[in-house]
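Bear in mind that the values in this text are calculations on the coordinates, not laboratory data. Here the structure is a predicted model, which is why all the values come from computation and not from measurement. Note that each Cβ is placed from the backbone with ideal geometry, even for glycine, and that neighbours are counted across all protein chains shown.
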Amino acid sequence: MNGKELAKQTLDQIPQTNANAKRIVGLVKEGGRITGYQLSDNTVVEKQQAVNMAKQGQIAGVGIAHRGDTEYLKSIPDGSENNNLGNLPSVSPQA
């Protein structure tokens with residue numbers, strides 16, 4: 001099993017994405033923790049809202065994982081480091 005397949009096994013769910021699914025282009029952080037995401041249409045959504053959107057196929061390139069009782073988004077390994085969530089720029093939360 002290669003590294004990409006192994007990494008995919010850490011995901012609880014890899015939703016089928018819709019044709020018009022958005023991509024995550026930025027991370028909203030507060031105190032170093034991710035609290036939301038900026039999407040490719042420039043909207044900013046809270047972390048749990050993004051998880052729900054991903055489950056419905058509205059966000060491409062991510063799967064759902066969990067730590068304890070908390071679900072979160074994780075990049076689907078595709079061989080490119082550029083689109084990994086951890087490599088995306090931080091953005092300011094919108095008021």
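Annotation: aspartates and glutamates with alpha-carbon distance below 17 angstrom to residue 29 (same-chain offsets under eight excluded): 46, 71. Determine the shape class of segment 3-91: with a ≥ b ≥ c the square roots of the Cα gyration tensor eigenvalues, call it rounded for a/c under 1.5, and otherwise prolate if a/b is greater than b/c, oblate otherwise. In terms of gyration-tensor shape, rounded.
Net charge dipole, the chain: roughly 40 debye, given to the nearest 20, about the Cα centre with Cβ charges of +1 for Lys and Arg and -1 for Asp and Glu.
Length available on full extension from residue 80 to residue 92: 0.36 nm per residue minus the Cα-Cα distance, which gives 1.8 nm.
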